[in-house]
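Written out below as structure tokens is the structure these notes cover.
What follows draws every value from the coordinates through simple rules; no lab data is involved. It should be emphasised that the depicted structure is a prediction, and the values quoted were computed from it without experimental measurement. Ideal geometry is used to build each Cβ from the backbone, glycine not excepted, and the neighbour counts take in all protein chains shown.
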Ligand SMILES: [Zn+2]
């Protein structure tokens, strides 16, 4: 969905770049921007209604999700240290109702990042 949107807006990108920490879903080199699209459950979206820890084996789930979150944090830090702008789009932000806002924000971010990248 995000890919289609970006493409329709004339953005060009690479996918799942293995050379970059955390293998970002979308890489927009020209904008020095990477995008991660995260599932609210697996990446533990705080305060999100799609992030509910199952009642059985809770500890196991929490552990697993925390591992994902710390991996995300490490990747985020390494990428920002290297000068990348890191955007995270959550699954819940791609629900029909939220989509317009999400894409609006994404466009604005990319425009801002392009200015920074070229200054
Ligand atoms: Zn969410």
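What is the ratio of the Cα radius of gyration of segment 2-117 to 2.2 N^0.38 Å, where N is its residue count, to two decimals?
1.13
Angle check, please: helix 58-81 long axis (alpha carbons) against the longest principal axis of the chain (alpha carbons), in degrees 0 to 90, nearest 10.
20 degrees
Does anyone have the angle between helix 99-117 and the longest principal axis of the chain? Alpha-carbon axes, 0 to 90°, nearest 10?
50 degrees
Hey, what did the chain get for relative contact order, percent, Cα under 8 Å, at least 6 apart? The partial results should precede the final answer.
On the way: 129 pairs, mean separation 32.2, N = 119.
That works out to 27 percent.
Antiparallel DSSP bridges in the chain: what percent, to the nearest 5?
On the way: 5 of 11 bridges.
Counting only bridges with both partners in the chain, antiparallel ones make up about 45 percent.
Among 69-75, 7-13, 88-94, how do they line up from the highest to the lowest mean number of other beta-carbon atoms within 10 Å?
Answer by packing, highest mean first, reads 88-94, 69-75, 7-13.
Roughly how many whole Å is it from the C-alpha centroid of segment 66-119 to that of segment 13-55?
Between the Cα centres of segment 66-119 and segment 13-55 lies a distance of 8 Å.
So for each of 101-110, 26-35 I average, over its residues, the number of other beta carbons within 10 Å; can you give me the resulting order with the highest mean first?
Details: 101-110: 15.0, 26-35: 20.3.
Packing proxy ranking, top to bottom: 26-35, 101-110.
Sort 17-24, 57-64 by the packing proxy (mean of other Cβ within 10 Å over each peptide's residues), most packed first. Write down the numbers at each step before the final one.
Working: 17-24: 15.1, 57-64: 11.8.
Packing proxy ranking, top to bottom: 17-24, 57-64.
Given the -39500 (n - 2.57) contribution per DSSP H run of 4+ residues, what per-residue ellipticity at 222 nm results for the chain, rounded to the nearest 500 deg cm²/dmol?
-14000 deg cm²/dmol
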